[in-house]
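Notes to accompany the following structure.
The values are calculated or read from the model by the stated rules, or taken from the named source; none is laboratory data. For clarity, every value in this text was computed on a predicted model and none was experimentally measured. Cβ: placed from backbone, ideal geometry, glycine included. Neighbour counts: every protein chain shown.
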Amino acid sequence: MAYLNRNILFLLFAGLFIVQAYSTSYNDLNIDFLIEDSIKIPEKKKIKSKKKDKKPFSNIIQNFEKVEGLFTLYWNRKNNQAYVAILPEQLEKIYLAGLTRQSGDGYYLDGSSMMNEYPFMFRKVGQRVQFMNVNVKFRADPTSPFHRSVEKHSSHSILSSTEIASSPHPETGAILADIGKLFIYDIEEVTRKSQGIYSFDKKDSYFTEIKSFPLNTEIEIALHFKGKKGKYIYTLPSSSSVLIHYHISLSAIVENNYIPRLADDRVGHFTTIFQDYTDVKKDSPYIRYVNRWNLEKQNPASKLSEPKKQIVYWIENSVPFDLRDAVREGILAWNEAFEVAGFKNAIVAKQMPDDAEWDPADVRYNTVRWMFQPGRGYAVGPSRANPYTGELYDADIRISADFVRSFYRTHTEFITPIIGPMSMDFESEEPKEEFSSEMCMYGDYLREEMASAWDIMTATGKIN
């Protein structure tokens, strides 16, 4: 037992000696270097916010001409820059827009051409303003539950957008939007339609006129297009460049007592068409309103009465002097048809003065315009209608300068037929519907009859 105890004491003593030996052979672990000042954990850099406060309204419009009206605009002619001031109550409100091609290239694109019209609204989303084409193809009675479904499942279309340029006006709350970014682009899709014959050039496009009135705002722009190399356009001094002028009309929808009239298939009319989903039990959702003027009798009890407001057509000052009387007679000849409907002197013809300050494309004026398109003899009579009711509010008739000359050409074609089609319309080369709802070929056949009558009158000595 004594022997065992001595062994245990020996082992314990030896263990303590070893621990002491190790403790004297190695220094304690030094970790101070981990926290020395020479090595520091880098601080996170503060990321500067890119968001900047908008410039004050008044700062943006310095040196700009103020153009007041339905929409107030600010125009700097020198810098080719313009802004529209949009009031809070003008956001999400529906207006009407109309586009007119004032001048083309004299070959593919004709001038004085009344083009598409559509309802639009300005929408503010975050720090941007959207110019939006409102969808009116599908509708339902606002009191119907299905109206919510139509609103939810149909989409509007953004035509253009731009960043808000200023902080709100301190008094009116209006915001500024750059209308150059809203309207100076290939607004007619000429590049696509021409299949690359023309390409849009924004840097050489500009405003030519800006006007505003209580119920409408009128904007003129000149868009520059570069011509495709190797493509010859004989109507241009250089096929590499063409300026196409457009007129944009923005107008208010005027509330009145107009009552839409449903179209009758037994009578031909231009129509406003949409789908109404108020009553799903109907065999067809389509509704067709007749496009017509809002005529009301001064004396409702009278069988024949003048209207409260006449339809006024202005003969453009470009119509040749020797043809103005004929154009006037053509306009007034329609009164005979209106008399059958009970209206006397429904249409009035007036002459546009040579010094007129208004433009024929202004939505307030119905006009008969004289156009220039070499080799083309035709006349068209388009109009614009309220997309909600079918009420006509603007019409611009165009007569080609080569209209009379085309009678001679028709006679020549009978003698020496043209081999193959001679289309000068690049749109005809792309897949699309051949006929629109307003396509009319009646004039082509009437022209042939007139050419035949011309020949007979010449042969019988009635025309020298």
Apart from one, (1) in contact (Cβ under 8 Å) with a residue 24 or more places away in the chain; (2) in contact with a His (Cβ under 8 Å, 6 or more places away or on another chain) all hold for residue 128; the odd one out is (2)
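Tally up the residues in the stretch 246-272 that are over 30 Å from residue 179 (Cα atoms) and either in contact (Cβ under 8 Å) with a residue 60 or more places away in the chain or in a loop (DSSP other than H, G, I, E, B) (or both), please.
To start, the set of residues in the stretch 246-272 that are over 30 Å from residue 179 (Cα atoms) comprises 256-271.
Applying the additional criterion that residues be either in contact (Cβ under 8 Å) with a residue 60 or more places away in the chain or in a loop (DSSP other than H, G, I, E, B) (or both) yields 256-261, 263-271.
Residues that pass the stated criteria total 15.
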Collect the residues in the stretch 99-140 that are closer than 23 Å to residue 287 by Cα and of a type outside the set (Asp, Glu), keeping them in residue-number order.
116, 118, 119, 120, 133, 134, 135, 136, 137, 138, 139, 140
Regarding the stretch 104-120, can at least one residue be identified that is touching a Phe, Trp or Tyr at 6+ places or on another chain (Cβ under 8 Å) and closer than 21 Å to residue 215 by Cβ?
yes
Here the residues within the stretch 97-140 that are closer than 21 Å to residue 385 by Cβ and acidic (Asp, Glu) are 117
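For residues that are assigned to a strand (DSSP E or B) and aromatic (Phe, Trp, Tyr), scanning just the stretch 70-92, find the one that is surrounded by the most Cβ atoms within 10 Å (Cβ to Cβ).
Pass one, the stretch 70-92, residues assigned to a strand (DSSP E or B): 72-76, 81-86, 91.
Subset that is aromatic (Phe, Trp, Tyr): 74-75, 83.
Details: 74: 21, 75: 21, 83: 24.
Per the criteria, the residue is 83.
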Going through the stretch 346-381 in order, the residues found to be outside any loop (DSSP other than H, G, I, E, B), of a type in the set (Gly, Ala, Ser) and within 22 Å of residue 216 (Cα to Cα) are none
Considering every residue within the stretch 205-220, establish whether at least one is outside any strand (DSSP E or B) and surrounded by fewer than 16 Cβ atoms within 10 Å (Cβ to Cβ).
yes
Residue check, residue 239 against (1) among the small types (Gly, Ala, Ser); (2) more than 17 Å from the chain's Cα centre (by Cα); (3) outside any loop (DSSP other than H, G, I, E, B); (4) crowded, with 16+ Cβ neighbours inside 10 Å, all met but one. Which one?
(3)
Out of curiosity, is residue 197 out of contact with any Leu (no Cβ under 6 Å at 6 or more places or on another chain) and buried (at least 17 other Cβ atoms within 10 Å of the Cβ)?
yes
Hits in the stretch 227-236 - residues which are in a loop (DSSP other than H, G, I, E, B) and either surrounded by 15 or more Cβ atoms within 10 Å (Cβ to Cβ) or not small (Gly, Ala, Ser) (or both)
228, 229, 231, 232, 233, 234, 235, 236
Criterion: out of contact with any strand residue (DSSP E or B) (no Cβ under 7 Å at 6 or more places or on another chain) and in the same structural domain as residue 223 (by TED's automatic domain parsing) - qualifying residue of 89, 68:
89
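Considering only the stretch 110-193, give the strands (runs of 3 or more DSSP E) lying wholly within it that have at least 2 residues that are in contact with a strand residue (DSSP E or B) (Cβ under 7 Å, 6 or more places away or on another chain), of a type in the set (Phe, Trp, Tyr) and within 21 Å of residue 223 (Cβ to Cβ).
Qualifying strands (runs of 3 or more DSSP E): 113-125.
Matching residues to (1) buried (at least 20 other Cβ atoms within 10 Å of the Cβ); (2) within 27 Å of the chain's Cα centre (by Cα); (3) polar (S, T, N, Q):
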site: 326; (1), (2), (3): no, no, no
site: 341; (1), (2), (3): no, no, no
site: 344; (1), (2), (3): no, no, no
site: 353; (1), (2), (3): no, no, no
site: 357; (1), (2), (3): no, yes, no
site: 373; (1), (2), (3): yes, yes, yes
site: 385; (1), (2), (3): yes, yes, no
Given (1) farther than 22 Å from residue 89 by Cβ; (2) surrounded by 15 or more Cβ atoms within 10 Å (Cβ to Cβ); (3) without any contact (Cβ under 8 Å) to a residue 60 or more places away in the chain, residue 188 misses just (3)
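Every residue, every condition in (1) hydrophobic (A, V, I, L, M, F, W, C); (2) in contact (Cβ under 8 Å) with a residue 60 or more places away in the chain; (3) surrounded by 15 or more Cβ atoms within 10 Å (Cβ to Cβ), yes or no:
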{"position": "68", "(1), (2), (3)": "no, yes, no"}
{"position": "108", "(1), (2), (3)": "no, yes, yes"}
{"position": "134", "(1), (2), (3)": "yes, no, yes"}
{"position": "163", "(1), (2), (3)": "no, no, no"}
{"position": "177", "(1), (2), (3)": "yes, yes, yes"}
